[in-house]
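One structure is given below, encoded as structure tokens.
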Amino acid sequence: MEELVAQLGAKIGVSPEVATQAIGAVLAFLEREGPADAVSKLVDSISGAREVTNEAMNAQSGGFMGMLAGMVGHVGGGIAGLGGQLMALGLDLSQIQAIGKELFAYAEKEAGPEVVGKIVAEIPELGQFV
């Protein structure tokens, strides 16, 4: 996880904390929306990702992020809701796209292209990041 956080931080110019929160938000989204078996393989293939995912899911269920996620969910959940969560971290659209591309490239390396392909097949909006 440290390698991925460092890559993201350097690529998009954010702190390790923001990079970790962004990764957690994306992985939590995949847990909610994606095929359980493939997402589980992806998360388990990245050291430390399970903890980051669980922290993100807990944060989204309460506090400010939970309130924000709930408000965004009324406007349009799914990928739009994820975008709202990432923007709440102070990220702009180009940074969000870079996070998606870096995360899925890293996931392909760690979990394999077939696992990522199965997730993208289930959530076609992710195709722009692969």
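Using Cα pairs under 8 angstrom and six or more residues apart, how large is the relative contact order of the chain, in percent?
Over the chain, the number comes to 32 percent.
For a quick check: sort Phe129, Phe29 by the number of other beta carbons within 10 angstrom, fewest at the front.
Phe129, Phe29
Calculate one ³J(HN,Hα) per residue across the stretch 24-38 by plugging θ = phi - 60° into the Karplus curve 6.51 cos²θ - 1.76 cosθ + 1.60, and present them in order as whole Hz with x for glycine and proline.
Values, residue by residue: x, 4, 5, 5, 5, 4, 4, 4, 6, 9, x, x, 3, 5, 5 Hz.
Short version: ³J(HN,Hα) in whole Hz for each residue of the stretch 124-129, in order, from phi by Karplus 6.51 cos²θ - 1.76 cosθ + 1.60 (θ = phi - 60°), x for Gly and Pro, what are they?
Values per residue, Gly and Pro as x: x, 4, 6, x, 5, 9 Hz.
Can you tell which of Ser47, Ser94, Ser15 shows the greatest fluctuation in a Gaussian network model of the chain with Cα springs below 10 Å?
Ser94
Taking θ = phi - 60°, what integer Hz values does the Karplus form 6.51 cos²θ - 1.76 cosθ + 1.60 yield along the stretch 107-121, in sequence order, with x for Gly and Pro?
4, 4, 5, 7, 9, x, x, 5, 5, 4, x, 5, 5, 5, 5
Using Cα extents along the principal axes in Å as the read-out, say which of [x] 45, 30, 25; [y] 35, 30, 26; [z] 91, 32, 19 was calculated from these coordinates.
Among [x] 45, 30, 25; [y] 35, 30, 26; [z] 91, 32, 19, the one calculated here is [y].
Computed from the coordinates by the stated procedures, all read-outs in this text should not be read as laboratory data. It should be emphasised that the depicted structure is a prediction, and the values quoted were computed from it without experimental measurement. Glycine gets a Cβ as well: all are built from the backbone with ideal geometry, and neighbour counts include every protein chain shown.
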